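Novice: Sharing a structure below in structure tokens format, with a few things to ask.
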Amino acid sequence: MTLRCKDGDLAIIVRETPECVDNLGRLVEVKGPSRWGIGYELVCWQIRPVNAVPLMVDVDGIIVREVVGWESHVIHPDTWLMPIKNSEEEKNETSEVAIKKPLSIAYEPVIV
């Protein structure tokens, strides 16, 4: 299985649950290792925003707005994140190059 993100990437949230739609378009830092996300049933990464603006998160089944850090252990599915790659990283990619376009391309956020 090929993952979109890797540990240390910056990524944009491009897919979200309806309750957390405010998170779409947010820039986050990705931290590994990746792991199976119970509840999502997808491979997930731990994430935190690059700024101190709160994210909408599920805390024991209740959606709250919270400032998230690494200690919060918030996870997000790999397929719901679009990594930001610099041009040098793209030159070194050997698989799925057609999918990993520069950030300047348009994307349409999807709400699940």
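What follows draws every value from the coordinates through simple rules; no lab data is involved. Computed from a predicted model, the values in this text were never measured in an experiment. No Cβ is skipped: glycine too gets one built from the backbone with ideal geometry, and neighbour counts run over all protein chains shown.
Novice: Residues in the range 49-78 that are closer than 17 Å to VAL14 by Cβ and of a type outside the set (A, V, I, L, M): how many?
Specialist: Looking only at that region, the number is 4.
Novice: Checking LEU24 against (1) without any contact (Cβ under 8 Å) to a residue 60 or more places away in the chain; (2) touching a strand residue (DSSP E or B) at 6+ places or on another chain (Cβ under 9 Å), which single condition isn't satisfied?
Specialist: For LEU24, the exception is condition (1).
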